[in-house]
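Each remark here refers to the structure printed beneath this line.
The values are calculated or read from the model by the stated rules, or taken from the named source; none is laboratory data. Since the model is a prediction, treat every value here as computed from it, not as a measurement. All Cβ positions, even for glycine, are placed from backbone atoms using ideal geometry, and neighbour counts span all protein chains on display.
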Amino acid sequence: MTSTALAIAASPAFLASCTAVVCSPGPDSMLVLRLVSRAGRRPPVLAAAAGMLIAGAGYAVAAVTGSMAVVMLRPELFLAWQAAGALVLAVTGARALWEALRPDTAAPGASAAGAPQTDRLPRHLLLGFLCTAGNPKVGLFLTVFLPQFLPAERPSASALSLLATVYLAIGALWLLVLTEVGVRIVTRGSSSQAAFPPLAARIGNAVAGLVLLGLALTLLIR
């Protein structure tokens with residue numbers, strides 16, 4: 001790993017570009033906000049965030065190794081992949097809308113039928129993973145985005161890996177900040193019970209559902 005790669009990874013231009021991309025509204029951020037509104041607790045949201053980062057790391061590996069070129073050469077594979085991702089977003093958005101419209105929607109943080117709250121963590125992990133993994137544009141973006149910060153000659157795998165690691169670290173920090181801010185707003189500092197008004201929670205679910213459905217449609221038509 002060269003000193004040039006280290007300097008680029010720590011450069012304001014690269015860090016600012018990564019931050020702008022990571023913080024832009026997208027499926028991951030909307031899913032985090034939807035889960036915060038629904039659960040009002042950190043563990044389920046952090047489990048989903050972990051799933052997103054696992055999928056993001058997979059895309060980073062594919063970008064560094066050039067494996068995403070296979071997707072670029074197979075348009076039918078890319079379209080099928082996008083369709084699967086759009087289905088995940090559409091189902092998640094539809095569920096959010098359904099919960100927003102139900103008159104008996106539970107308050108954030110309530111556990112169904114007294115079930116242990118840790119039971120759903122693997123489910124949230126999988127949901128977060130599918131949300132990111134279902135969008136092959138992430139891998140294609142990293143394939144194009146990372147090399148442009150390196151010298152004109154063919155980028156080394158070690159240099160690309162360093163840039164990808166910094167990108168993922170910024171993504172992880174953003175998800176943590178988004179989760180913490182969201183939970184604090186929902187619970188208003190209460191550690192035991194959510195204090196978010198039910199109407200506000202339903203409005204949040206409705207907004208998240210509509211945005212997720214819109215993102216699913218965008219994923220299909222672009």
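Points to keep in mind about this one:
- Residue match in the stretch 142-158 (condition: in a helix (DSSP H, G or I), farther than 26 Å from L219 by Cβ and among the small types (G, A, S)): yes
- Yes/no for S29 being farther than 15 Å from R123 by Cα, surrounded by fewer than 21 Cβ atoms within 10 Å (Cβ to Cβ) and of a type in the set (S, T, Y): yes
- Residue pairs meeting the criteria (Cβ under 6 Å; at least 6 apart or on separate chains; first at pLDDT below 75, in the stretch 83-108; second outside any helix (DSSP H, G or I) and not charged (D, E, K, R)): A107/A194; P108/G40; P108/A194; P108/F196
- For the stretch 169-195, the tally of residues that are touching a helix residue (DSSP H, G or I) at 6+ places or on another chain (Cβ under 7 Å) and modelled with pLDDT under 90 stands at 5.
Each row is one residue, and each column tells you yes or no for (1) within 13 Å of C131 (Cα to Cα); (2) of a type in the set (D, E, K, R); (3) free of Cβ contacts under 8 Å to residues at least 40 places away in the same chain.
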{"residue": "V22", "(1), (2), (3)": "no, no, no"}
{"residue": "P27", "(1), (2), (3)": "yes, no, no"}
{"residue": "M52", "(1), (2), (3)": "yes, no, no"}
{"residue": "M72", "(1), (2), (3)": "no, no, no"}
{"residue": "L79", "(1), (2), (3)": "no, no, yes"}
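- You will find that of L213, L126, L150, L219, the residue that is at pLDDT below 85 and farther than 22 Å from F14 by Cα is L219 and no other.
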